[in-house]
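The values are calculated or read from the model by the stated rules, or taken from the named source; none is laboratory data. What you are looking at is a predicted structure, and each value in this text was computed from that prediction instead of being measured. As a convention, Cβ positions derive from the backbone with ideal geometry for all residues, glycine included, and neighbour counts pool all protein chains shown.
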Amino acid sequence: MFDLVQLMERADSIALAGHVRPDGDSVGSTLALYNYIKKVSPEKEVTLFLEKPAEIYSYLKGYDEVTVPEDSLPDKVYDLFIAMDLGDLDRLGKAERFYTAARDTVCIDHHISNTGFGNHSYIKSEASSTSELIYDLIDENMIDVEIAKCIYTGIIHDTGILQYSNTSRHTLEIVGKLIEFGFDFTGLINRSYYEKTYMQNQILGRALLESILFMDGKCIATVIDHKTMDFYGAVPKDFDGIANQLFKTRGTDVSIFMYESSDEQNLFKVSMRASDRVDVSKIAKKFGGGGHKKAAGFSMSGTYHDILNNISEEIEKQLSEQD
Ligand SMILES: [Mn+2]
């Protein structure tokens, strides 16, 4: 049986890591476990590898203690490496060499595309978030208000504020216990989820204006190219929420949002959202990415229209199988 507490007890040095371009669940779940270890076992050496999380998460305890995994960091062999919220090892980015070198490895995740890696893996694709899994795996009695805020943040981000179908009774029971710690959850949601800068709102507006509907309105897509990113001085995290907003269009089964990578022309990051009728994790996997049935992504080279054609073929196939 998988027992995280026992695995951690045996280790003197522990490294934790979430995925590249960390989202709310990646930041929340890793900081929750980081704060927990520091509280329960202050004698242990614990390092959290994570790309610098967005400023909107700076209310979380430990935010400033994150180690950005640069190539210049000296090699180190950890007793235990815990990879969290990532479906495959590539998503560890520059932290991967510490995973490879570690004496023991654990994977804790909820991505349906995850086939399992590490010496020990705990993968529950029915869980709302990795943060929910962390709640289940640690000693409940040791959770304090700071750990509660981390877990709460992860859950609300990965469930779209408890709205997506991955929200279960269990998720809500956990959330019920968390808010009893008495933090300002309304403010937390506003600050980390809803609030946008003026520039982010302008880009969202532009993405919507330039979107196209196709496949008889079953699909909606939009793209942000390099020139636009430079004009606004935007970085990828400024695009959060665009795919979700597109998906609110009545009648659509799939929304596709793409932006051009900053390192390479004609290389696009693609994110998709889908209704029950399409499984976008299959499409993402086919093109070398991953994710969940209703939200997944991948990277692809080509023109905007070529990429849309590739995706539409897959969507058509899935929809026709049902007819
Ligand atoms: Mn997640």
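Exactly one residue among I224, I189, I203, I212 is surrounded by 12 or more Cβ atoms within 10 Å (Cβ to Cβ) and outside the structural domain of I307 (by TED's automatic domain parsing), and that residue is I189. Pairs meeting the criteria (first residue in the range 202-223 and under 13 Å from G241 (Cβ atoms), second residue part of a loop (DSSP other than H, G, I, E, B) and small (G, A, S), beta carbons under 8 Å, at least 6 apart or on different chains) are I203/A234; L204/G241; T222/S211.
Assessment of the range 50-58 against the conditions (surrounded by fewer than 16 Cβ atoms within 10 Å (Cβ to Cβ), away from the ligand (no atom under 16 Å from the Cβ), over 17 Å from I108 (Cα atoms) and more than 18 Å from the chain's Cα centre (by Cα)) yields no matching residue. Selection of the range 113-133 for residues being more than 11 Å from the ligand (Cβ to nearest atom) and among the aliphatic types (A, V, I, L, M) yields only I123.
Please specify each residue of the range 66-125 satisfying the condition of being β-branched (V, I, T), part of a strand (DSSP E or B) and in contact (Cβ under 8 Å) with a residue 24 or more places away in the chain.
Of the range 66-125, the ones β-branched (V, I, T) are 66-68, 77, 82, 100, 105-106, 108, 112, 115, 123.
If we keep only those that are part of a strand (DSSP E or B) as well, we get 67, 82, 105-106, 108, 123.
Residues satisfying the conditions are I82, T105, V106, I108.
To keep it simple, each residue is scored yes or no on (1) within 16 Å of the ligand (Cβ to nearest atom); (2) out of contact with any helix residue (DSSP H, G or I) (no Cβ under 8 Å at 6 or more places or on another chain); (3) part of a helix (DSSP H, G or I).
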| site | (1), (2), (3) |
| --- | --- |
| I147 | no, no, yes |
| I156 | yes, no, yes |
| S165 | yes, yes, no |
| L172 | no, yes, yes |
| L178 | no, no, yes |
| F181 | no, no, no |
| I189 | no, no, yes |
| S192 | yes, no, yes |
| L208 | no, no, yes |
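For the range 260-301, taking the residues that are basic (K, R) and either in a strand (DSSP E or B) or within 20 Å of the chain's Cα centre (by Cα) (or both), the one that is nearest to R250 (Cα to Cα) is identified as R273.
Looking across the range 166-193, just one residue is within 18 Å of R273 (Cβ to Cβ) and without any contact (Cβ under 8 Å) to a residue 40 or more places away in the chain, and that is T167.
Every residue in the range 29-44 that is within 26 Å of the chain's Cα centre (by Cα) and not aliphatic (A, V, I, L, M), please.
Taking the range 29-44 as the starting set, the residues that turn out to be within 26 Å of the chain's Cα centre (by Cα) are 29-39.
Result: S29, T30, Y34, N35, Y36, K38, K39.
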